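The values are calculated or read from the model by the stated rules, or taken from the named source; none is laboratory data. Predicted model only: the values in this text are computed from it and were never measured. Here Cβ is always computed from backbone atoms with ideal geometry, including for glycine, and neighbour counts include all displayed protein chains. These area figures cover heavy atoms from the full protein model, side chains too; ligands, DNA and RNA do not enter into them. Shrake-Rupley method; radii C 1.70, N 1.55, O 1.52, S 1.80 Å.
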Amino acid sequence: EISLGLVGSEMCIETGTGYSSLGVLLEIPADVVKIDKSFTDRINLKEQRNFVSQMGNFIHSAKEEVIFEGIETEEQLQFLRGCGFLYGQGYLFDRPIPLEEFERKYIEIALVFVQSKTFSFGEFYAKI
């Protein structure tokens, strides 16, 4: 499954676990690829960590940025940082919250993210 979304003025490809073609990465003019939580969960399995790292590096070589979804543990965060990945989202950073609470809690951070083009009104990404 591959879905497209806009992040600011950039195009984003979101990878999933259904049918997808890696060739699409080279053909679609996307700037960002989001890695599905199912791959982030593989970090917890030591024998699959190398796969996650190599997959992220492969995708990063074709596109500007990689965002890992579903970061829930400090171990996952440290692993991704150690691999040199810069962006992620997940419960480790915060749970889904109502818009009013989000505005109260993150308005200053959101302004910085808007200026750096890593924030969109549908999703919130953290620099990891």
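The listed residues are PHE68, PHE102, PHE79, PHE85, and the only one of them that is on the phi < 0 side of the Ramachandran plot and at pLDDT below 90 turns out to be PHE102. Residue count for region 59-77, restricted to those that are touching a residue at least 24 places away in the same chain (Cβ under 8 Å) and either assigned to a helix (DSSP H, G or I) or of a type in the set (Lys, Arg) (or both): 7. Evaluation of ALA110 against the conditions (1) among the small types (Gly, Ala, Ser); (2) open to solvent by less than 50 Å² (accessible area, probe 1.4 Å); (3) modelled with pLDDT of 85 or more shows that the sole unmet condition is (3). Scanning region 38-75 for residues that are in contact with an Asp or Glu (Cβ under 8 Å, 6 or more places away or on another chain) and buried (at least 17 other Cβ atoms within 10 Å of the Cβ) yields THR40, ILE43, LYS63, GLU65, GLU69, GLY70. Within region 36-44, the presence of at least one residue that is of a type in the set (Val, Ile, Thr) and at pLDDT 90 or above is confirmed.
Taken over region 88-99, the criterion of being at pLDDT 90 or above, in a loop (DSSP other than H, G, I, E, B) and open to solvent by less than 90 Å² (accessible area, probe 1.4 Å) is satisfied by GLN89, GLY90, LEU92. When GLN115 is tested against (1) loosely packed, with under 12 Cβ neighbours inside 10 Å; (2) at pLDDT 90 or above, exactly one condition is not met: (2).
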